[in-house]
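Worksheet: one structure, shown below.
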Amino acid sequence: MSYAEALRYLYAQTPDFQRTGKVAYKPGLGNTLLLDEYFGHPHRRFTSVHVAGTNGKGSTSHMLAAVLQRAGYRVGLYTSPHLNDFRERIKVGGAEIPPQRVVDFVEKHRAAVERIHPSFFELTMMMAFDFFAQEKVEVAVVEVGLGGRLDSTNVITPALSVITNIGLDHTDLLGDTLEKIAREKAGIIKPEVPVVVGEYQPEIAHIFEQKAAACGAPLVFASRRYSCRYTAGYELDLRGSYQQRNLCTALAALECLRQRGVFSFSQKNVEDGLRTAAAATGLRGRWQLLRSAPKIICDTAHNAHGLQQTMAQLAGEKYEQLHIVFGMVADKDIGSAVALLPRAARYYFTQASVARAMPADEMARKCRTAGLQGEAYPAVEQALLAAIENAAANDFIYVGGSTFVVADALKAFPNF
């Protein structure tokens, strides 16, 4: 079996939420517990940090992994979704899982897969845990896939739980209010395990306070612990201004880990790790500069909560004309997101190469109704090529709306 054949098997045998949507979502830990027992509970063989939240959990996870790597620890990192290659989800020391290890896993365990029928996320998470255990990682940073309480990753008992923030996303699965979503995310809080909540949101803070108190879990709100003036003293290779919020969360999490005596690292480890976080862990797609003239930026913000932050940064950019290559998946709150987009831009409405993508023509109709002007393109590559052709050297091109739009852009232009 080749690596390509192993991937085809995984996608064919196990439904993937990121690509197909709600039909692939399996709430509850039943299958995960069966897999965990079958694999011999691999997550018990390493220390873990559990990271949830509506936005920023991927960036925060990479920051934590980078600092722990800089301190000399053997670090596993499990995140989702991937941009171009499945192996981006599973890393040790910043290096992706080798293709042959994916093949070996599928060949060895396909009988169990066909007996248990896990989701794509459940199986790939267990692949990560099994790989981390075999590689003898000392700590794994584990990003929650969706929600928290019923997410597959919630089988772990970490040294620290982290919840970045709460916004309205996946409302059809997690609830249609901030309070309902916060209760789902708070489900990762474990008895006596410290929890860091990144952003103090007054309307839902009590949910985390009550759950932490019931669990006897020490609670810290990172935004109350660190001011912007404090975080400004750190250099990041992650360009987005919104990363300051994630930095605040990461610093609070690192302080908790150090206070607990779980890990030992110096201030220089922290500074060096954060300065090279993206490079050391392979993080892409977060306010990533693709070209300078015209300036092209791509960002994976994919809901109103995230787009509000990227649009605020975009408003501070200088350019002659703004071009926006934009697409979303159909199960998002399109209206709330579109309301945040600048009216003066020239738009290139498009769709990513996944089943969940809203068709470009439909995206264009919805956006034109909201007062945005532009044309529809059936593929991201075509939309970006059109934007580049129309843009002058001092113009600005923003590519986003969906993780998958960014993924298609990076795949189409690998030399960016």
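Within the stretch 245-284, the set of residues being within 20 Å of the chain's Cα centre (by Cα), surrounded by fewer than 22 Cβ atoms within 10 Å (Cβ to Cβ) and assigned to a loop (DSSP other than H, G, I, E, B) comprises 276, 282, 284. When the stretch 107-164 is limited to residues that are in a helix (DSSP H, G or I), among the small types (Gly, Ala, Ser) and surrounded by fewer than 23 Cβ atoms within 10 Å (Cβ to Cβ), the one that is modelled with the highest pLDDT turns out to be 133. The number of residues in the stretch 48-75 being surrounded by 24 or more Cβ atoms within 10 Å (Cβ to Cβ), touching a Phe, Trp or Tyr at 6+ places or on another chain (Cβ under 7 Å) and either assigned to a loop (DSSP other than H, G, I, E, B) or among the hydroxyl-bearing types (Ser, Thr, Tyr) (or both) comes to 0.
The residue that is nearest to residue 187 (Cα to Cα), among those in the stretch 210-229 that are under 25 Å from the mean Cα position of the chain (by Cα) and assigned to a helix (DSSP H, G or I), is 211. In this structure, residue 142 does satisfy being closer than 26 Å to residue 72 by Cβ, in contact with a helix residue (DSSP H, G or I) (Cβ under 6 Å, 6 or more places away or on another chain) and touching a residue at least 12 places away in the same chain (Cβ under 8 Å).
Here residue 186 meets the list (1) touching a strand residue (DSSP E or B) at 6+ places or on another chain (Cβ under 9 Å); (2) small (Gly, Ala, Ser); (3) closer than 27 Å to residue 317 by Cα almost entirely, failing just condition (3).
When the residues of the stretch 361-381 are narrowed to those that are in contact with a Lys or Arg (Cβ under 9 Å, 6 or more places away or on another chain) and aliphatic (A, V, I, L, M), which ends up surrounded by the most Cβ atoms within 10 Å (Cβ to Cβ)? Of everything passing the filter in the stretch 361-381, 380 is surrounded by the most Cβ atoms within 10 Å (Cβ to Cβ). Inside the stretch 213-267, residues that are more than 21 Å from residue 307 (Cα to Cα) and without any contact (Cβ under 8 Å) to a residue 24 or more places away in the chain make up a count of 12.
Taking the stretch 311-416 and the helices (runs of 4 or more DSSP H) fully enclosed by it, the elements with 1 or more residues that are farther than 25 Å from residue 243 by Cα and in contact with a His (Cβ under 7 Å, 6 or more places away or on another chain) are at 380-390.
The values are calculated or read from the model by the stated rules, or taken from the named source; none is laboratory data. Model, not experiment: these values are computed from the prediction. Because the Cβ atoms are built from the backbone with ideal geometry, glycine has one as well, and the counts that use them run over all protein chains shown.
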